[in-house]
Amino acid sequence: MPKVKVALVGVGNCASAFIQGIQYYGKSKDSVGLRNPVLAGLSPKDIAVVAAFDVDARKVGKDIAEAIFAAPNNAPKVADVPALGVKVAKGPLMDGVGESTAAIIQVSKAPDADVAKVLKAAGAEVVVNLLPSGASKASMWYAEQALAAGCAFVNATPTFIASDAAWAKKFADAKLPLAGDDLVDQVGSTALHKTLLKLLSDNGVKIDETYQLDVGGGAESVDTMDRSRDAKRQIKTETVAASIPYKAEVVAGSTDYVDFLQNKRDSYFWISGAYFCNTPLKIDLKFQTVDAPNAGSVLFDVVRAVKLAKSKKQSGAIEAISAYGFKRPPKMQPLETAEAEFKKFVS
């Protein structure tokens, strides 16, 4: 198949990691860090970013290769990115900037681009929504633009789009694939939490209570605390609870913002249960990652799988892709089931 032509909505840290990853793996034979070096006959170098949208004056009008390193982005630099000939277009502001991030974002005064027109002109096939978690109205607006331009849509935010039956029908009627919602991390705290709980349950441990508390730095963590903390907590809690085959007390979600963490995230886990002869068990641990690279490998898999779905003429919310790559898919599945269904889909 030809290259996967991707448009990015939001040129933040995740976009930076995604574009740097394309360069990094395109020039190296090293596949360390990739779940699927080749998927449906496509490697990371077959992904091309052909359009991008943002509202920050430090990014709008710049080549995306320059924009991904502009403030307030603070993702680590792992690859030199040559000019790609793709300028960041000005998207509508809508609810893309919250009260807490207003002091961080410098809103451009450039006129808003005709997004659907830009997508068509660029030949975009897949629109990836990387807006802040609280930008629900803007996320849905970009989904409409994807429909108007004939593009598949990947919703990395917690806004309910792929998991909303009405939106799924819109994409089905338009004969376009849809995947979401709320992208999982490659080695994220939620996946680790679920794996621990499943391991314990499979070994006969009865889980009574468990929590997962996430503390992060960067603009996304500020926005989460300001606007989407409750929504993300609901999604994470439901996802974690689904990994236990019985009722237990579960709390999971973001709890605070610490500026000096930069793009890092600290996660704290506590698990209480009982094993043989009702003997008490306690687990208390800390886990640290860098946020932006955590999205790269999963996004690579998702956009290549969505390209495959388009070639198969599949439309609407694609359950196999959504359950594999997102915390809140249309249908919640155990990790091993989601993995098996995804492998079956891409084979």
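The values are calculated or read from the model by the stated rules, or taken from the named source; none is laboratory data. On a predicted model such as this, the values are computed, not experimentally measured, just so you know. Neighbour counts are summed over all protein chains in view; Cβ atoms, including those assigned to glycine, are modelled from backbone coordinates with ideal geometry. We work out accessible area using only protein heavy atoms, side chains counted, and drop any ligands, DNA or RNA first. Shrake-Rupley method; radii C 1.70, N 1.55, O 1.52, S 1.80 Å.
Prolate is the label for the chain. Its Cα gyration tensor axes, ordered a ≥ b ≥ c, give a/c of at least 1.5 and a/b above b/c. Note that segment 161-174 has calculated 3J(HN,Hα) couplings of 10, 5, 8, 9, 4, 5, 5, 4, 5, 4, 6, 5, 5, 7 Hz, one per residue in order, obtained from phi through the Karplus relation 6.51 cos²θ - 1.76 cosθ + 1.60 (θ = phi - 60°); glycine and proline are x.
Amide H contacts of A252 (H built 1.01 Å from N, in plane; Pro and chain starts excluded): Q212, T237 sit under 5 Å, all sequence-distant by 5 or more or on other chains. Relative contact order, whole percent, for the chain stands at 20, derived from Cα pairs under 8 Å and 6 or more residues apart. Counting only protein heavy atoms and using a 1.4 Å probe, the accessible area of W270 comes to about 60 Å². Cross-linked pairs K170/K307; K62/K327; K3/K194; K5/K87; K45/K87: Cα-Cα separations exceed 23 Å for K62/K327; K3/K194.
Per residue, how much space in cubic angstrom lies within the convex hull of the C-alpha atoms of segment 11-109? Please report the intermediate quantities before stating the final value.
On the way: hull volume 11.8 nm³, N = 99.
It comes to 120 Å³ per residue, whole-number rounded.
Only helices enter this figure: runs of n ≥ 4 DSSP H residues, each worth -39500 (n - 2.57), summed and divided by the residues of the chain, yield -10500 deg cm²/dmol at 222 nm to the nearest 500. Check each of the trypsin sites (Lys or Arg not before Pro) in segment 142-213 and keep only those in coil by DSSP with at most 14 other C-beta atoms within 10 angstrom; list them in order. Here the sparse-neighbourhood loop sites are K175. Here K310 is the anchor, and the aspartates and glutamates within straight C-alpha reach of less than 12 Å, apart from those fewer than 8 places off in the same chain, are E125. In this structure the amide hydrogen of I47, modeled in the peptide plane, comes within under 5 Å of the amide hydrogens of V4, none closer than 5 places in sequence on its chain. Applied to segment 127-139, the Karplus parametrisation 6.51 cos²θ - 1.76 cosθ + 1.60 on θ = phi - 60° returns per-residue 3J(HN,Hα) values of 9, 10, 8, 10, 5, x, 4, x, 8, 5, 4, 5, 4 Hz, with x for Gly and Pro. For A52, nonlocal amide neighbours, meaning residues 5 or more places apart or on other chains whose placed amide H falls under 5 Å from its own, are L8, A89.
Listed values for segment 308-322 are Karplus-derived 3J(HN,Hα) couplings in whole Hz (6.51 cos²θ - 1.76 cosθ + 1.60, θ = phi - 60°), namely 5, 4, 4, 5, 7, 6, 8, 9, x, 5, 8, 5, 4, 6, 5, and x replaces Gly and Pro.
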